[in-house]
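Accompanying notes for the structure given below.
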Amino acid sequence: MSDYLHYRSAQYFEGRLQSHDKVLSVRQCARGSLYRIYEIKRKQGDIVLAYLVEIYMLGVTDYYGIRDEHPEVTSIVVASRWGHYTEDAKSASKSERIGLFNMYEFFSSLF
């Protein structure tokens, strides 16, 4: 994984969530140099716990590492504009009913 989560990635993510039509509120509930965890309350009444990480390619080992360290997370979001995830990581997340998205996919998933 990257050595840090760039502050602009976090600012962009927060700004987009705060202006999202389907989002009632956003609260950062955990922070590390590599990640941020956000509690996102949607207008439909549910809560999404999103793990934002800066990584070029999130693999299955990265996925399981995040899940082991933060089992409360319901979505993992790759922050980097150039970042993505492997098909194995996506398959593992689907089997555990955890969302795995790039940032743009995540914003669309909130509808």
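Close contacts from segment 88-111, counting a first residue that is more than 13 Å from SER75 (Cβ to Cβ) and free of Cβ contacts under 8 Å to residues at least 12 places away in the same chain and a second that is surrounded by 14 or more Cβ atoms within 10 Å (Cβ to Cβ) and among the aromatic types (Phe, Trp, Tyr), with Cβ to Cβ under 9 Å and a gap of 6+ residues or different chains, come to none at all. Scanning segment 54-77 for residues that are among the hydrophobic types (A, V, I, L, M, F, W, C) and either at pLDDT below 95 or more than 17 Å from SER109 (Cβ to Cβ) (or both) turns up ILE55, MET57, VAL60, ILE66. Out of the residues in segment 52-72 that are under 11 Å from the mean Cα position of the chain (by Cα) and over 15 Å from ALA89 (Cα atoms), which is surrounded by the fewest Cβ atoms within 10 Å (Cβ to Cβ)? Among those residues, the one meeting the criterion is GLU54. Among the residues of segment 74-98, those that are closer than 16 Å to ARG36 by Cα and crowded, with 19+ Cβ neighbours inside 10 Å comprise SER75, ILE76, VAL77, VAL78, ALA79.
For first residues located in segment 5-22 and more than 10 Å from ALA79 (Cα to Cα), partners that are of a type in the set (Lys, Arg) and not in a helix (DSSP H, G or I) and lie 6+ apart or on another chain with Cβ distances below 7 Å form the pairs LYS22/ARG42; LYS22/LYS43. Considering only residues that are surrounded by 18 or more Cβ atoms within 10 Å (Cβ to Cβ) and assigned to a loop (DSSP other than H, G, I, E, B), which ones fall in segment 99-111? Matches in segment 99-111: LEU110 only.
The values are calculated or read from the model by the stated rules, or taken from the named source; none is laboratory data. Worth saying up front: this structure is predicted, and the values here are computed from it rather than measured. Ideal geometry is used to build each Cβ from the backbone, glycine not excepted, and the neighbour counts take in all protein chains shown.
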